[in-house]
Structures are given as C-alpha cells and as structure tokens.
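The values are calculated or read from the model by the stated rules, or taken from the named source; none is laboratory data. These figures come from a predicted structure and were not determined experimentally. Note: ideal-geometry Cβ built from the backbone for every residue, glycine included; neighbour counts use all protein chains shown.
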Amino acid sequence: MTALRAVHLQRRPRVRPWQLVAVPVASIAAGLAVGAVFLTLTGHDPTMVYPAMLSAAFTTWFGFTDTLASATPLIGTGLAAAVAFRFGLYNIGAEGQLYAGAIAASGVALALGEAVPAPAAVTALLLAGVAGGMLWIAVPAAARAWLGTSEIITTLLLNYVALYWMRYLIFGSTSFWRDPTSTNFPQGKPIPASAELAELGLTRVHLGLGVAVLAAVLVTLVLNRTRLGFHLRVYGDSEAAASYAGINVRRLVLAVLLASGALAGLAGAGEIGGRAHALDPQGLALGLGYAGIIVAALARYNPLAVVLVAVLLGGVRNAGTALQSLPGGRVPIAISTMLEGAILLFTLGGELFIRYRLRFGRGQGAATAEDLESVPVASPAEPTTR
Amino acid sequence: MSGQSASGARRSGADAASSAEAPVVEARGVGKVFPGVTANAGVDLAVRRGEVHALLGENGAGKSTLASILCGLYQPDEGTVLVDGRPVTLRNPRDGLARGIGMVHQHFRLVERFTVAENIVLGDRRQPLVLSAGRVRSAMVELGERYGLSIDPDARVGDLAVGEQQRVEITKMLYRGVDVLLLDEPTAVLTPQEADALFTTLRAMAADGKAVVLISHKLGEVLAVADRVTVLRDGRVVGAVAADATDRHQLATMMVGREVDLSPRRAQSPPGVAVLDVRGVSLRPPGRPARLAGVSLQVHAGEVVGVAGVAGNGQRELAEVVAGLRAPTEGTVVVAGRGTTGRGARAARGAGLAYVPEDRLGTGLAPSLSIADNLLLTRPLGFFVDRRTATADARCVIERFDVKATGPAAAVRGLSGGNVQKVLLGRELSDSCTVLVVASPTRGLDVGAIEFVRDLLDERRRGGVGVLLLSEDLDEIRALADRILVLFEGRIVLERAGGDADLTELGLAMAGAGA
Ligand SMILES: Nc1ncnc2c1ncn2[C@@H]1O[C@H](COP(=O)(O)OP(=O)(O)O)[C@@H](O)[C@H]1O
Ligand SMILES: [Mg+2]
C-alpha cells in the first residue's frame with residue numbers, strides 16, 4: 001500500500017505528437033539495454049556486438065541491401081496484420097497465407113514454364129500468390145462474416161495445415177512441386193528464370209521490395225481517401241455506427257480479411273520469385289507471418305510506418321545471421337530473436353505511457369490507488385452528460 | 001412528474017431540525033483550480049441535517065468538484081470545510097467517512113466480481129478479520145426496510161442493473177454510518193420509475209435526520225425532491241433558495257445566466273399530407289414475446305408526433321423499423337410515398353428520412369472519428385472521399401450550431417454531451433429530409449442545450465418536416481408534440497392531442513394501466 005502511494009498512473013490530458021515517436025524509440029532502447037545484459041552474462045561485449053550489428057545491418061552497402069531483402073516479406077506480412085488488426089479483425093494466419101501464396105506462386109510459375117515472357121510470368125506469379133493467400137483466408141473470413149466465428153482460432157489453426165501441406169508438396173514423391181533431380185534430400189523444383197523477380201545489381205534486393213512498398217502506399221490511399229477506407233474506419237470504431245449508417249458490415253469484414261490474406265500471399269510469392277526460386281521450407285519457415293504481427297504492432301497499424309519498422313526488424317534479423325561470423329567470438333543467432341522479443345515487449349508496454357504518465361508523490365484529481373474505495377472498478381453505462 | 005410519490009414525506013424532516021442549529025457540513029470560500037480551469041471560486045454552501053439540498057448547475061459548473069472537496073477526495077486550494085461548525089482537513093475519502101460524510105460518484109466504485117455484501121464491507125476497517133456474513137446481512141435488511149433499499153446481498157454486483165448498483169452504493173454509505181450523503185447526478189443513469197424510488201429513499205433519509213446533497217442539472221427533479229437549492233454557475237454560487245419559494249423559470253435563469261424559454265411549442269399551422277405512414281407493423285422474434293404488435297401511425301408534414309413509453313416497450317424497435325434498420329415481421333412503412341419496408345437504412349434515407357438515435361456516441365456517431373468524418377457518415381459518397389469539402393462543411397456546421405470544439409478534426413468523443421448532440425443534429429437536420437425520427441433528443445443535456453434543440457426541432461416542424469419524437473420523458477414529449485401516442489408492450493394504447501394531454505392519464509397508460 002505504501003509503495004503504491006508513492007507512484008501512480010495518471011491519464012495524460014492530451015497526447016502530443018512527439019510522444020508517439022519518443023515512446024517507441026525509448027522502448028527500442030530499453031530492449032537493447034536488456035539485450036546488453038544478456039550479452040554481458042553470456043560473455044560478450046555489447047559495445048562490440050552492437051556496433052558490429054549496426055554495420056552488418058545498416059551502415060554498409062552490402063549489409064543495408066541485405067537488410068532490405070530481409071525486410072521485403074516483413075512489409076507484406078506486416079501490412080497483412082496491420083490492415084486487419086486496425087479494424088479489430090485479428091488475422092493470426094499470415095504465416096499460413098504466406099505458405100499458400102508461395103505454393104500457388106511456384107505452382108503457377110512451374111506450370112507456365114520457360115516459354116512465357118518474363119513480364120507475363122512475373123505478373124502471373126504475383127497474382128497467383130495473392131490468390132493463394134486469399135483462398136487460404138476465405139473460409140475463416142466467411143465464417144467470421146456470416147457466423148461470427150472467431151478468426152483468431154481459425155486462421156491460427158490453418159497455419160499448421162498450410163505448413164504440413166507445403167512439406168507434403170515437397171516431400172511427396174509424386175508431387176508436381178518436388179525437384180526430381182534431388183535424390184538424396186527432397187527439394188522444391190526451381191521455377192523458370194522468366195518468373196524470377198529482377199534483382200538490383202549484385203545485391204539480394206529484388207522487385208518484391210518495390211511491390212511491397214507500392215502495396216503499402218496503395219493501402220494508405222485506400223484507407224485515407226476512399227469510401228471503402230472511410231467505411232472501414234467507421235466500422236473499426238463502432239460497429240453500431242456502421243450499421244446505423246447503412247454500411248454493409250459483412251462485406252467490410254470479408255474485404256478486410258481477404259485483403260489481409262492477399263498481402264500475406266503476396267509476401268509468399270515475393271519470397272518464391274525473388275529469393276528462394278523454389279518452394280523451400282527451410283527458407284520460408286522463419287516465422288515471417290508471426291513477425292508481421294510484431295511489425296504491425298510496432299507501426300501502430302499504420303501502413304507506411306510498417307515499411308520503416310520492417311526495415312528495422314529486418315536489420316535485426318539480418319544482423320543476427322551476420323553476427324555468427326563475428327571475429328571476436330560466436331554470438332548465437334538466438335540473440336537477434338531475443339532482441340526482437342525484448343523490443344516487442346517494451347513497445348507494447350510502452351503503449352501505456354503514451355496514454356498515461358507516472359506521477360510521484362501524492363496525486364490530486366486522479367482516483368489514486370491509495371484507498372481501495374476510490375478505485376473505480378464497476379461503472380454504469382457512461383451517462384450522456386459531461 | 002418525477003418525485004410525486006416522494007413529495008408526501010417532504011419537508012417533515014426539515015421541520016424536525018431547528019434551522020438555528022449549525023450546518024452539519026459547510027463550505028466557506030472554497031476555491032479549486034485545475035490546470036487551465038477554475039472549477040470552484042469562493043463557494044459557500046451550508047447543508048443542514050434533515051434536508052435534501054440540491055446542488056444545481058449546468059455541465060462544467062463545478063458541482064462534482066465541490067462535492068469531491070466535501071467528501072475528502074479533493075483538497076480545496078483555498079477556503080475551509082467545516083463539519084458541525086468546526087474547520088476540518090479531509091485528506092482523503094476515509095477521513096470524510098470518519099466524519100460521517102460519504103459520496104456516491106457518477107461512476108460507481110464497486111467491484112463487479114464481488115457480491116453485494118462483499119462490496120458493502122469492502123475497505124471498512126471496523127470489520128473483524130473474519131467477516132461475519134450474518135451481521136452484514138441483518139444490517140442490510142434493516143437499512144433496506146428503513147429506506148426502501150432492497151437488494152439481494154448474495155448477488156454479484158456485475159449482474160445487477162445500474163439502478164441496483166446505485167442502491168448498493170447508497171447502502172454501503174449508510175452501512176458506514178454516514179450523516180451526510182452526497183449523490184452526484186444519481187438520476188442520469190436511472191429510468192423515471194427508478195428515479196422516483198430513489199427520491200422516496202432520499203426523503204426517508206432526510207426524515208431520519210440525515211443530510212442529503214443531490215447534484216443535478218434537471219430542474220424538475222430538484223423542485224420535486226429538494227428543500228433548498230444552491231445554484232452554481234462557472235464555479236461560483238449564483239444563489240441559494242428554498243425550493244418552495246422558486247420555480248423552473250427562476251432556476252433556469254440562474255443556472256444559464258440568461259432568460260431561457262422552455263415553454264411548450266406547438267404547430268402554428270394545420271398539418272399537411274402524411275409523410276410517414278406506418279401500417280400494422282409487428283416485430284416478433286422467434287420464440288420470444290412480440291416487441292411490436294400491429295403498430296399503425298401517421299406523421300403529417302409540419303407536425304410532431306410524440307411516442308411516449310417506458311424503455312423496453314418497443315420505442316427503440318419502432319424507430320429502427322421506421323429507419324430501415326430492422327425488417328418488421330409484418331406491416332409496411334411508407335416514407336414520403338415510397339415503400340421502404342425492410343429495404344435497409346439507405347433506402348429509408350433515400351426516401352427522405354433522417355434518424356437521430358438515442359445512443360448518440362456509438363450509434364449516431366463514431367466516437368473516435370472527427371467531426372468532419374462524422375458529418376459524412378450518412379451521406380452518399382463517391383469512390384473517393386473529398387476531404388476538403390468535408391472539412392469546409394464541418395466548419396459551417398460548427399459555426400451555425402455554435403459547436404464548442406477545437407475544429408473539424410476534433411474527435412467527437414472529446415465533446416460535451418450538448419455539443420455531441422449538435423453535431424448529430426447538424427448532420428441529420430441539414431439534409432433536405434421530409435421525415436425526422438428523433439429519440440430522446442434532449443436526454444442528458446443541460447438547460448441551455450435543451451432550449452437549443454427544442455427550437456431547432458420546432459423550426460424544422462415549421463419548415464414542413466414531419467417529426468416522430470420517441471421518448472420516455474413526458475416533459476420532453478409534452479414540450480413539442482402536437483399529438484401523443486403511448487406505447488406499451490409493443491402496442492399503441494392511447495392517443496391524445498398534445499395540448500390537452502393529462503399527465504396522470506399518460507403516466508398510467510405508460511405503466512400499462514387499463515391496457
Ligand atoms: N480532475 C480534473 N482535472 C482537470 N479539470 C477538471 C477536473 N475535474 C473537473 N475539471 C474541470 O472543472 C470544471 C468543473 O467540473 P465539474 O466539477 O466536473 O463540473 P460539473 O460536475 O458541474 O459538471 C470543468 O471545466 C471541468 O472540465
Ligand atoms: Mg459532474
């Protein structure tokens with residue numbers, strides 16, 4: 001009780017724009033600080049590791065382009081989560097939709113073969129990815145729209161179905177996707193060169209990055225400028241208000257979830273066409289779909305911020321790989337996963353400080369925790385008077 | 001109408017206490033400043049045993065702040081609080097309770113997952129380590145009988161209706177032995193029937209020698225239940241008067257600071273053609289009792305038809321069927337000659353209907369969207385939304401309706417109740433509608449805003465709009481309606497002309513007598 005008396009939370013009267021930036025930045029710093037503790041405990045020197053990470057991820061041309069390549073799928077899955085979460089539709093299934101997009105994209109590319117000219121093949125590959133992602137979310141979306149079934153459960157469970165289906169397509173001896181020349185360890189059949197996404201010079205950056213950024217711009221435009229975006233914002237704020245205005249809520253739910261699946265599927269197609277060039281479980285199963293949720297949350301579901309956050313997180317992931325070959329000693333790749341987790345935890349915790357501030361000493365005005373009686377727990381429906 | 005049942009007991013308590021006796025609690029020159037606002041300045045208030053003392057004022061006048069100072073939640077920046085004539089410093093609500101002062105806040109402070117009895121003893125340091133359920137129970141039974149506060153001690157607070165939760169709060173304070181009970185806008189969350197029951201309780205407490213401070217901005221209830229009234233405006237006391245030496249008009253003028261006209265308004269010219277025709281509308285959810293049963297009514301151009309009824313008797317359903325939000329099981333709705341039955345909200349709007357729902361924030365408006373966006377809510381939109389025009393339109397509405405807001409980009413949830421209603425009316429009334437459905441348009445608003453809304457609806461009526469006004473507040477209905485229908489259990493049980501409707505007759509019909 002006495003400890004509570006000293007510090008308490010007070011609602012900020014107004015949230016200023018700089019707080020929206022300062023809080024995430026402070027959260028990331030806090031995440032890195034926690035990481036430093038772990039590094040020290042495991043016998044590494046943070047003052048060596050962090051600069052090395054920085055150069056591996058951002059401050060060298062090679063590192064930075066690699067970071068952009070790692071960020072590309074994260075933009076897609078980040079957008080997938082952002083468009084859905086923002087309106088209270090929790091698509092946890094970007095992971096599975098990404099696999100489905102990858103399966104569809106590689107299937108179409110393989111079926112078209114070498115004969116088709118590159119622009120047509122690439123377009124077909126990307127569209128197939130979109131279609132695959134949409135198909136994978138179609139059933140959860142319909143169940144949510146008509147039956148009100150929680151999309152959280154259905155999309156999550158379908159992730160496992162997609163993962164095992166993809167494995168089956170690679171390992172199955174009669175599978176169209178399997179590379180017949182890989183006799184000792186099964187692998188996906190490489191897609192024809194015409195369907196590969198163009199790369200920037202000698203780097204690993206590919207056309208998928210441009211497509212992903214374009215998608216982010218498009219999503220922003222739709223949300224801010226169009227009728228659909230307006231209706232979505234109304235729906236996201238109050239479903240009752242949407243119904244009152246005569247907005248077809250069912251159609252909105254379908255549209256949002258299908259768009260979310262499409263964006264994740266697009267990320268899958270980008271990975272096939274731009275990086276793996278074949279259906280490849282090792283390369284895909286990095287939790288890109290789940291990482292997209294982290295990206296979206298850090299970006300506060302803002303599509304343009306998703307791009308920036310994806311680059312940041314892509315850098316952390318990319319540095320994790322690079323660190324293993326650090327001359328000073330082997331830094332485990334798990335460090336980057338740990339940092340990702342720490343940053344997420346601090347950012348989600350930091351959200352609280354955007355809306356509230358800490359007050360020390362006795363407070364006035366706010367209902368303090370000093371007295372159980374003054375803690376508002378149950379309150380009647382907000383009266384219309386103010 | 002509220003409080004009639006209580007007025008019998010009225011003032012007997014006040015006579016018992018001699019007026020020479022020192023006030024049980026008193027504020028002298030109390031001031032309180034919040035960042036940027038002076039909530040109280042030089043406030044004097046004296047509350048005596050045996051009286052119901054009303055603290056009247058518009059929203060933001062400083063009523064809650066003053067009460068919070070008296071109960072120890074806030075500390076005054078200047079001035080003193082006296083209890084039984086002696087200056088005291090109340091550092092927190094526990095100090096207040098120790099001196100016999102307790103407050104029931106607008107937002108209840110109960111633990112939903114606890115039972116009623118557990119909530120009542122919560123935070124009471126007189127309780128032994130092991131709670132004796134029997135003692136609490138018998139005390140509750142005794143208080144319940146004395147003051148008409150019956151509640152099941154074993155019910156979970158989260159399962160109770162708002163009115164019952166309020167009784168828990170009051171019982172809790174009485175159980176703590178308060179002599180002074182402050183209630184902050186207790187009727188804001190109550191139905192008129194529940195409010196009447198509360199007033200009976202308050203009168204019983206006064207008759208028992210307790211002091212009751214009733215915070216309100218409703219003139220009717222203040223006049224019906226209080227012995228004395230202190231009026232606050234902009235943080236200052238405008239005056240303190242005896243309830244039987246004043247009237248609505250004087251109180252409204254003191255409260256608002258200018259003359260307010262709340263007299264009834266009626267149509268000046270005979271009604272025109274029927275613009276809304278509802279025939280035989282029924283709504284029967286499968287396996288449950290009918291919500292509407294064969295309702296027929298017509299609204300003519302230039303006429304206000306009031307539908308009175310206690311909440312839950314089908315008004316909301318009727319409004320939603322007319323507005324196209326629900327399809328009736330049977331019957332037809334015709335808006336300005338066009339059949340709109342079950343064809344959705346857009347079809348009804350397309351035919352010339354506008355709808356102001358009772359739930360303004362959440363249904364009529366999207367709370368976190370801006371004023372500009374909310375004004376677009378029911379407009380037909382092209383593929384692209386034209387932000388610039390929307391912002392300009394919002395500026396017009398803000399100016400024309402004198403909405404207090406930082407600008408078109410302000411979120412509506414940050415506005416006060418009156419301004420929220422202005423935004424909603426600004427959208428629904430600026431369309432060239434022929435039929436207007438409004439539900440409880442002045443509920444929860446303060447006097448100045450009520451006058452504004454009534455004037456606006458009256459102006460629409462004179463402009464030839466047919467208005468369907470649904471409300472459970474007879475004062476609201478009688479102030480505007482040319483014809484009054486009473487809805488009881490989904491049926492129209494009474495129809496009267498607005499001018500000569502008898503209050504008792506309407507009240508009985510609403511309660512189902514003779515239906
Ligand atoms: N805790 C607070 N912090 C800042 N301003 C407040 C606080 N409480 C009330 N106010 C301001 O003080 C004024 C009086 O408020 P209040 O006492 O709640 O009025 P009432 O109860 O009469 O509606 C208002 O302008 C309100 O905005
Ligand atoms: Mg108040």
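For the stretch B:322-334, which residues satisfy the criterion of being within 14 Å of another protein chain (Cβ to nearest Cβ) and not in a loop (DSSP other than H, G, I, E, B)? Full working, then the answer.
First pass over the stretch B:322-334, keeping only residues within 14 Å of another protein chain (Cβ to nearest Cβ): B:322-327.
Across the stretch B:322-334, the qualifying residue is only B:Val322.
Need at least 3 residues that are at pLDDT 95 or above and either within 16 Å of ligand 2 (Cβ to nearest atom) or on the phi > 0 side of the Ramachandran plot (or both) per element, so show me which strands (runs of 3 or more DSSP E) inside the stretch B:190-303 make the cut, counting only ones lying wholly within it. Reasoning before the result, please.
Values: elements: B:211-216, B:228-233, B:236-242, B:274-283, B:292-300.
Passing ranges, in order: B:211-216, B:228-233.
Under 6 Å by Cβ, and 6 or more places apart or on different chains, what pairs join a residue from the stretch B:171-194 that is in contact (Cβ under 8 Å) with a residue 60 or more places away in the chain with one that is more than 16 Å from ligand 1 (Cβ to nearest atom) and of a type in the set (Lys, Arg)?
B:Asp179/B:Lys210
Restricting attention to the stretch B:342-358, which residues are within 23 Å of B:Arg443 (Cα to Cα) and at the interface with chain A (Cβ under 7 Å from one of its Cβ atoms)?
Correct list: B:Pro357 only.
Matching residues to (1) over 24 Å from B:Leu251 (Cβ atoms); (2) crowded, with 24+ Cβ neighbours inside 10 Å; (3) among the β-branched types (Val, Ile, Thr):
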{"site": "B:Val438", "(1), (2), (3)": "yes, yes, yes"}
{"site": "B:Pro441", "(1), (2), (3)": "no, yes, no"}
{"site": "B:Asp458", "(1), (2), (3)": "no, no, no"}
{"site": "B:Val465", "(1), (2), (3)": "yes, no, yes"}
{"site": "B:Leu468", "(1), (2), (3)": "yes, yes, no"}
{"site": "B:Arg483", "(1), (2), (3)": "yes, no, no"}
{"site": "B:Arg496", "(1), (2), (3)": "yes, no, no"}
{"site": "B:Ala501", "(1), (2), (3)": "yes, no, no"}
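Can you tell me which residue in the stretch B:405-447 is farthest from B:Gly60 (Cα to Cα), limited to those that are at pLDDT 90 or above and under 14 Å from the mean Cα position of the chain (by Cα)?
Only one residue tops the list, namely B:Ala439.
Return a yes/no flag: does the stretch B:93-100 have any residue that is within 30 Å of B:Thr191 (Cβ to Cβ), modelled with pLDDT of 95 or more and within 16 Å of ligand 1 (Cβ to nearest atom).
no
What residue, among those in the stretch B:91-135 that are closer than 26 Å to B:Leu73 by Cα and of a type in the set (Val, Ile, Thr), is nearest to the other protein chains (Cβ to nearest Cβ)?
So the residue we want is B:Val111.
Can you work out which of the residues in the stretch B:162-188 that are hydrophobic (A, V, I, L, M, F, W, C) and more than 16 Å from ligand 2 (Cβ to nearest atom) is nearest to the other protein chains (Cβ to nearest Cβ)?
Only one residue fits best here, namely B:Val162.
Please return the ranges of strands (runs of 3 or more DSSP E) entirely within the stretch B:394-504 where 1 or more residues are over 30 Å from B:Ala290 (Cα atoms) and in the same structural domain as B:Ala323 (by TED's automatic domain parsing).
Hits in the stretch B:394-504: none.
Report whether or not B:Gly382 is more than 22 Å from B:Leu456 (Cα to Cα), part of a loop (DSSP other than H, G, I, E, B) and at the interface with chain A (Cβ under 9 Å from one of its Cβ atoms). Don't jump to the end; show me each part of the working.
Values: more than 22 Å from B:Leu456 (Cα to Cα): yes; part of a loop (DSSP other than H, G, I, E, B): yes; at the interface with chain A (Cβ under 9 Å from one of its Cβ atoms): yes.
For B:Gly382, the condition - more than 22 Å from B:Leu456 (Cα to Cα), part of a loop (DSSP other than H, G, I, E, B) and at the interface with chain A (Cβ under 9 Å from one of its Cβ atoms) - is met.
Out of (1) away from ligand 1 (no atom under 16 Å from the Cβ); (2) within 14 Å of another protein chain (Cβ to nearest Cβ); (3) under 25 Å from the mean Cα position of the chain (by Cα), the odd one out for B:Cys71 is which?
That leaves (1) as the condition not met.
Quick one: which of B:Ala311, B:Ala336 is under 25 Å from B:Glu495 (Cα atoms), modelled with pLDDT under 90 and of a type in the set (Gly, Ala, Ser)?
So the residue among B:Ala311, B:Ala336 that is under 25 Å from B:Glu495 (Cα atoms), modelled with pLDDT under 90 and of a type in the set (Gly, Ala, Ser) is B:Ala311.
What are the residues in the stretch A:195-213 that are crowded, with 22+ Cβ neighbours inside 10 Å, of a type in the set (Gly, Ala, Ser) and closer than 16 Å to A:Thr67 by Cβ, if any?
Selection gives A:Gly208, A:Ala212.
Residue under question is B:Asp154, and the condition is that it be within 24 Å of B:Lys218 (Cβ to Cβ), acidic (Asp, Glu) and either more than 14 Å from chain A (Cβ to nearest Cβ) or within 16 Å of ligand 1 (Cβ to nearest atom) (or both); does it hold?
For B:Asp154, the condition - within 24 Å of B:Lys218 (Cβ to Cβ), acidic (Asp, Glu) and either more than 14 Å from chain A (Cβ to nearest Cβ) or within 16 Å of ligand 1 (Cβ to nearest atom) (or both) - is not met.
Pick from the stretch B:54-103 the residues that are assigned to a strand (DSSP E or B) and within 16 Å of ligand 2 (Cβ to nearest atom): which of them is surrounded by the most Cβ atoms within 10 Å (Cβ to Cβ)?
B:Leu55
Any residue at all in the stretch B:50-64 that is within 9 Å of chain A (Cβ to nearest Cβ), at positive phi and modelled with pLDDT under 90?
Yes, the conditions are met somewhere in the stretch B:50-64.
Would you point out the residue of the stretch B:191-206, among those that are surrounded by fewer than 22 Cβ atoms within 10 Å (Cβ to Cβ) and of a type in the set (A, V, I, L, M, F, W, C), that is farthest from the other protein chains (Cβ to nearest Cβ)?
Ranking the candidates gives B:Ala204 first.
Is it true that A:Ser182 is touching a residue at least 40 places away in the same chain (Cβ under 8 Å) and over 27 Å from the mean Cα position of the chain (by Cα)?
Judged against the criteria, A:Ser182 is not a match.
Please indicate, with yes or no, whether at least one residue in the stretch B:207-220 is among the hydroxyl-bearing types (Ser, Thr, Tyr), within 16 Å of ligand 1 (Cβ to nearest atom), buried (at least 17 other Cβ atoms within 10 Å of the Cβ) and within 14 Å of chain A (Cβ to nearest Cβ).
The answer is yes; a qualifying residue exists.
Considering only residues of the stretch A:281-317 that are farther than 23 Å from A:Leu54 by Cα and modelled with pLDDT under 85, which is surrounded by the most Cβ atoms within 10 Å (Cβ to Cβ)?
Only one residue fits best here, namely A:Leu284.
Would you mind telling me which numbered condition in (1) touching a strand residue (DSSP E or B) at 6+ places or on another chain (Cβ under 7 Å); (2) more than 9 Å from chain A (Cβ to nearest Cβ) B:Gly364 fails?
Every listed condition holds for B:Gly364 apart from (2).
Being in contact with a Lys or Arg (Cβ under 6 Å, 6 or more places away or on another chain) and either among the hydrophobic types (A, V, I, L, M, F, W, C) or free of Cβ contacts under 8 Å to residues at least 40 places away in the same chain (or both), is that true of even one residue in the stretch B:206-215?
Of all residues in the stretch B:206-215, those in contact with a Lys or Arg (Cβ under 6 Å, 6 or more places away or on another chain) come to B:209, B:211, B:215.
Next, only the ones that are either among the hydrophobic types (A, V, I, L, M, F, W, C) or free of Cβ contacts under 8 Å to residues at least 40 places away in the same chain (or both) stay: B:211, B:215.
Among the residues of the stretch B:206-215, at least one is in contact with a Lys or Arg (Cβ under 6 Å, 6 or more places away or on another chain) and either among the hydrophobic types (A, V, I, L, M, F, W, C) or free of Cβ contacts under 8 Å to residues at least 40 places away in the same chain (or both), which makes the answer yes.
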